[in-house]
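Single-structure report; data block below.
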Amino acid sequence: QVQLVESGGGLVQAGDSLRLSCAASGRTVGAYAMGWLRQAPGKERESVARITWNGNTRYAESVKGRFTLFRDKAKNTVTLQMNDLKPEDTAVYYCAADFRLPYSSVFPTQYDYWGQGTQVTVSS
């Protein structure tokens, strides 16, 4: 089992920045990709960003140029730096781990492990 714990959510104003972190623990042996997804009220969960085991990243069109994802393999952490936040970024953000396709940068339909989620609220 792998446990994922997110931190860093909060309430900010439009144009502000936030940094979300996710720490993985447990059976983290082997290669795995990490992703951030979000779900806004009344909407389906959507992929925001993903980083592969070898460091390739992919971003949703809506966050390109504003969000940056990076990981520290030694610490089993990933960090999502979110700049120029907009009200439409308001959602619960989830960290997820994918052991099945660790080198794929394609947004998958499912992940193996999930964090509990952290709320990000952006006021206008």
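The values are calculated or read from the model by the stated rules, or taken from the named source; none is laboratory data. This structure is a prediction, so every number in the text was calculated from the model and none was measured. Using ideal geometry, Cβ is built from the backbone for each residue, glycine included, and neighbour counts are taken over all protein chains shown. Just so you know, the surface numbers come from the protein's heavy atoms only, side chains and all, with ligands and any DNA or RNA stripped out. Shrake-Rupley method; radii C 1.70, N 1.55, O 1.52, S 1.80 Å.
Things to note:
- Sparse-neighbourhood loop sites, chymotrypsin sites (Phe, Trp or Tyr not before Pro) in the range 10-107 - DSSP loop, at most 15 other Cβ within 10 angstrom: Tyr103
- Accessible area per residue for the range 41-124, computed on protein heavy atoms with a 1.4 Å probe, is 54 Å².
- Expressed as a whole percent, the accessible area of the range 1-84 that falls on carbon and sulfur atoms is 46 (1.4 Å probe).
- Packing around the peptides 8-18, 82-92, taken as the average count of other Cβ atoms within 10 Å per residue, puts them in this order, highest first: 82-92, 8-18.
- Lys, Arg +1 and Asp, Glu -1 on Cβ, resulting dipole of the chain about Cα centre, debye, nearest 20: 300
- Phi-based couplings in Hz for the range 52-59 (Karplus 6.51, -1.76, 1.60; Gly and Pro marked x): 7, 4, 9, x, 6, 10, 9, 10
- Taking amide H atoms as placed 1.01 Å from N in the peptide plane, the amide H of Gln3 lies under 5 Å from those of Ser25, Gly26, Arg27, each 5 or more residues away in sequence or on another chain.
- Neighbourhood net charge (11 Å Cβ-Cβ; Lys/Arg +1, Asp/Glu -1) for Thr79: +1
- Within the chain, antiparallel bridges make up roughly 90 percent of the DSSP beta bridges whose residues both belong there.
- Projected label points at Ser104 and Ser123, each 7 Å from Cα along the beta carbon direction, are separated by 4.2 nanometres.
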